[in-house]
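The values are calculated or read from the model by the stated rules, or taken from the named source; none is laboratory data. Being a predicted model, the structure only gives us computed values, none of them experimental. Counting neighbours? That spans all protein chains shown, and the Cβs are built from the backbone with ideal geometry, glycine included. Heads up: the accessible areas ignore ligands, DNA and RNA and are worked out on the full protein's heavy atoms, side chains in. Shrake-Rupley method; radii C 1.70, N 1.55, O 1.52, S 1.80 Å.
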Amino acid sequence: MPTLRLSLPLSAPRTSLLHSSRRFFSAGFSRLFPSCYPREKLQRDCRRVQLFLKMEVLLRSLSPRLRLFSRFYTRMDKNKAMVEYLQRYGVLRSDRVAEVMEMIDRALFVPKENPPYLDSPMPIGYNATISAPHMHALCLELLKDHLQPGMRALDVGSGSGYLTACFAMMVGPEGQAVGIEHIPELVAASIENVKRSAATPLLEKGSLSLHVADGRYGWPEAAPYDTIHVGAAAPEIPKALLDQLKPGGRMVIPVGDLFQDLQVVDKKLDGSIISRNETGVRYVPLTSRSAQLQNY
Ligand code: SAH
């Protein structure tokens with residue numbers, strides 16, 4: 001499979017987001033999934049999606065009343081439309097992941113000034129971003145067999161809390177989903193986000209928890225994990241995370257500096273490790289809090 005490298009700046013202004021995503025939709029996806037969608041239909045649908053997104057940006061720039069109306073009348077519909085869009089392009093393949101992404105409304109995790117359903121990363125403050133919907137979908141698809149009810153999941157660099165909430169919904173009340181984030185303000189905000197979402201009963205029960213910590217050391221308290229997801233790029237796979245992965249478990253982690261690969265790391269039952277590169281990606285670095293706050 002050819003690799004896809006996102007050319008998007010991490011906190012691009014809105015107009016260039018539209019521009020970049022148009023390029024991305026029409027070039028990237030058709031290259032990535034050439035056989036699953038006729039090219040003309042793909043291009044026609046791209047134009048429709050872009051028109052829809054432009055209309056949303058326009059509505060948002062109008063009076064506050066219209067803005068409220070635009071937000072109210074279609075919020076869940078738009079989340080569903082985003083899910084259907086990801087399905088149509090082939091990145092979202094299973095019903096189980098689609099159901100979870102429908103249940104967890106992305107708009108609750110994206111700061112209000114940004115269009116939440118655009119397939120692009122969005123700034124969440126503190127030099128961090130919430131990953132693009134297609135990256136969330138891809139990671140959930142890669143990890144879904146290790147997110148069965150009752151399993152344990154660790155989300156390192158949990159940021160907005162979106163993926164931790166999805167993990168919690170998948171592993172259910174008998175499982176454990178732990179989010180680790182090193183910026184206390186982001187952890188506080190992510191807890192508020194989750195409280196407004198469908199995952200709130202799991203937060204109340206304690207099967208979903210979000211903690212302030214340096215994710216490079218994992219979270220030994222709830223180890224070993226069936227799933228470890230890392231939402232920031234590490235120069236190399238941290239040993240603590242490998243140690244906390246259960247035999248039979250899977251880790252998805254972006255590795256690299258300027259050029260990064262999304263690695264899928266499987267720990268076999270005998271404890272040996274096999275890994276492969278899924279695709280080229282661009283994430284913020286897994287680093288120290290001070291380096292991040294000084295803009296790396
Ligand atoms: N999956 C998250 C991604 C957030 S961006 C989402 O979609 O919302 C990556 C996050 O990793 C940032 O919030 C950043 O603050 C955090 N991060 C970076 N280095 C870290 C570290 N050493 N420990 C914990 N979190 C870290």
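Summed over region 235-246, residues that are open to solvent by 20 Å² or more (accessible area, probe 1.4 Å) and assigned to a strand (DSSP E or B) total 1. The residue that is surrounded by the most Cβ atoms within 10 Å (Cβ to Cβ), among those in region 252-275 that are more than 13 Å from I228 (Cβ to Cβ) and within 13 Å of the ligand (Cβ to nearest atom), is L262.
For every residue, the table says whether it meets (1) under 20 Å from E141 (Cα atoms); (2) modelled with pLDDT under 95; (3) over 16 Å from the mean Cα position of the chain (by Cα).
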| position | (1), (2), (3) |
| --- | --- |
| H229 | yes, no, no |
| A233 | yes, no, no |
| D243 | no, no, yes |
| G256 | no, no, yes |
| D270 | no, no, yes |
| Y296 | no, yes, yes |
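Checked against (1) in contact with a Pro (Cβ under 6 Å, 6 or more places away or on another chain); (2) over 13 Å from V156 (Cβ atoms), R216 meets all criteria but (2).
Of the residues G175, G179, G218, G249, only one is surrounded by 16 or more Cβ atoms within 10 Å (Cβ to Cβ), within 12 Å of the ligand (Cβ to nearest atom) and over 21 Å from I124 (Cα atoms); which?
So the residue among G175, G179, G218, G249 that is surrounded by 16 or more Cβ atoms within 10 Å (Cβ to Cβ), within 12 Å of the ligand (Cβ to nearest atom) and over 21 Å from I124 (Cα atoms) is G218.
Residues are listed down the side, and each one gets a yes or a no for (1) more than 10 Å from the ligand (Cβ to nearest atom); (2) open to solvent by 20 Å² or more (accessible area, probe 1.4 Å); (3) modelled with pLDDT of 95 or more:
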position	(1), (2), (3)
A81	yes, yes, no
R88	yes, yes, no
F109	no, no, yes
N127	no, yes, yes
K144	yes, yes, yes
F167	yes, no, yes
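All of (1) within 17 Å of N79 (Cα to Cα); (2) part of a helix (DSSP H, G or I) hold for D145 with one exception: (1).
Please go through region 129-142 and pick out each residue that is part of a helix (DSSP H, G or I) and either near the ligand (Cβ under 9 Å from one of its atoms) or without any contact (Cβ under 8 Å) to a residue 24 or more places away in the chain (or both). If the condition is that a residue be part of a helix (DSSP H, G or I) and either near the ligand (Cβ under 9 Å from one of its atoms) or without any contact (Cβ under 8 Å) to a residue 24 or more places away in the chain (or both), then M135, H136, C139 are the ones that fit.
For region 174-213, enumerate the residues that are more than 12 Å from A153 (Cβ to Cβ) and of a type in the set (S, T, Y).
Step one: filter region 174-213 for residues more than 12 Å from A153 (Cβ to Cβ), giving 174, 181-201, 203-206, 210-213.
S190, S197, T200, listed by residue number.
Taking the conditions (1) farther than 21 Å from M251 by Cβ; (2) within 12 Å of the ligand (Cβ to nearest atom); (3) under 13 Å from the mean Cα position of the chain (by Cα) in turn, Y117 satisfies each one other than (2). Residues of region 276-287 include none that is farther than 22 Å from H136 by Cβ, surrounded by fewer than 17 Cβ atoms within 10 Å (Cβ to Cβ) and away from the ligand (no atom under 14 Å from the Cβ). Within region 148-165, the residues that satisfy the criterion of being of a type outside the set (G, A, S) and crowded, with 21+ Cβ neighbours inside 10 Å are M151, R152, L154, D155, V156, Y162, L163, T164. Of the residues screened, E185 is one that is within 15 Å of the ligand (Cβ to nearest atom), open to solvent by 50 Å² or more (accessible area, probe 1.4 Å), within 20 Å of L293 (Cβ to Cβ) and under 20 Å from the mean Cα position of the chain (by Cα).
Can you spot a residue in region 191-212 that is small (G, A, S), near the ligand (Cβ under 10 Å from one of its atoms) and either open to solvent by less than 60 Å² (accessible area, probe 1.4 Å) or not in a loop (DSSP other than H, G, I, E, B) (or both)? The answer is no, given that none of the residues of region 191-212 is small (G, A, S), near the ligand (Cβ under 10 Å from one of its atoms) and either open to solvent by less than 60 Å² (accessible area, probe 1.4 Å) or not in a loop (DSSP other than H, G, I, E, B) (or both).
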